[in-house]
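Below: the structure, in structure tokens.
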């Protein structure tokens, strides 16, 4: 049975509907613009998925050409090598052998560097995209920061620096729910980066963002639970 995979097109469709719901419920709200930014990141994630899943043939061809060239040079050197004889020749042979061993070690490191070049290029692109998702998650968290359910049931006198609180209990619940949904979709977009790219560094960054979004969403649902308890 094949492993079920996340569908980036369905995630994008969910994001578009979420943005439309936000704009219809809260016209001109900053949260709707954040949803639009998340849609743009989702579009770039769809293109990035194709880049991560497919082999990068220009890099692979260049790497193998360099490795074959290095191998041909080594074979030529070994084939033309003439070991001296006698006592002095034995000492020279030992020095030559030691130099060859050191050269092989450095060449092995160079080959490993070249073989991992494609993964490192893909990793850099993936981490750049994940950084955008992490920033959006923090922006969503900032939008819900001042949405205090206690102020709805027990309004207190505002100070000159108090944030504007004009939402009803129902509106506040919907606003917090939209924030939670947006964080959930952000986590799903992050998971797409590791779906076709088996890289430990990228997977670690994906897990970090998923845990971040889950923690923020749990905090939001605590507020929603408080609102439900206060509702008549």
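The values are calculated or read from the model by the stated rules, or taken from the named source; none is laboratory data. Because the structure is predicted, anything quoted here is derived from the model rather than measured. Don't worry about glycine lacking a Cβ; one is built from the backbone with ideal geometry, like all the others, and counts go over all protein chains shown.
Restricting attention to the stretch 7-20, does a residue exist that is in a helix (DSSP H, G or I), modelled with pLDDT of 85 or more, more than 27 Å from the chain's Cα centre (by Cα) and surrounded by 14 or more Cβ atoms within 10 Å (Cβ to Cβ)? Within the stretch 7-20 (the criterion being in a helix (DSSP H, G or I), modelled with pLDDT of 85 or more, more than 27 Å from the chain's Cα centre (by Cα) and surrounded by 14 or more Cβ atoms within 10 Å (Cβ to Cβ)), the answer is no, since none of the residues qualifies.
So that you can scan it fast, the table gives a plain yes or no per residue for (1) at pLDDT below 75; (2) in contact with a strand residue (DSSP E or B) (Cβ under 9 Å, 6 or more places away or on another chain); (3) surrounded by fewer than 11 Cβ atoms within 10 Å (Cβ to Cβ):
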site: 38; (1), (2), (3): no, no, no
site: 46; (1), (2), (3): no, no, no
site: 67; (1), (2), (3): no, no, no
site: 78; (1), (2), (3): yes, no, yes
site: 83; (1), (2), (3): yes, no, yes
site: 102; (1), (2), (3): yes, no, yes
site: 105; (1), (2), (3): yes, no, yes
site: 111; (1), (2), (3): yes, no, no
site: 120; (1), (2), (3): no, no, no
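Per-residue answers, yes or no, for (1) surrounded by fewer than 15 Cβ atoms within 10 Å (Cβ to Cβ); (2) at pLDDT 85 or above; (3) within 40 Å of the chain's Cα centre (by Cα):
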| position | (1), (2), (3) |
| --- | --- |
| 28 | yes, yes, yes |
| 31 | no, yes, yes |
| 43 | yes, yes, yes |
| 57 | yes, no, yes |
| 87 | yes, no, no |
| 98 | yes, no, no |
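When residue 177 is tested against (1) without any contact (Cβ under 8 Å) to a residue 60 or more places away in the chain; (2) surrounded by fewer than 21 Cβ atoms within 10 Å (Cβ to Cβ); (3) more than 16 Å from residue 15 (Cβ to Cβ), only condition (3) is not met. As a summary of the residue check, residue 161 satisfies the conditions (1) farther than 17 Å from residue 26 by Cβ; (2) modelled with pLDDT under 80; (3) part of a helix (DSSP H, G or I) except for the one numbered (3).
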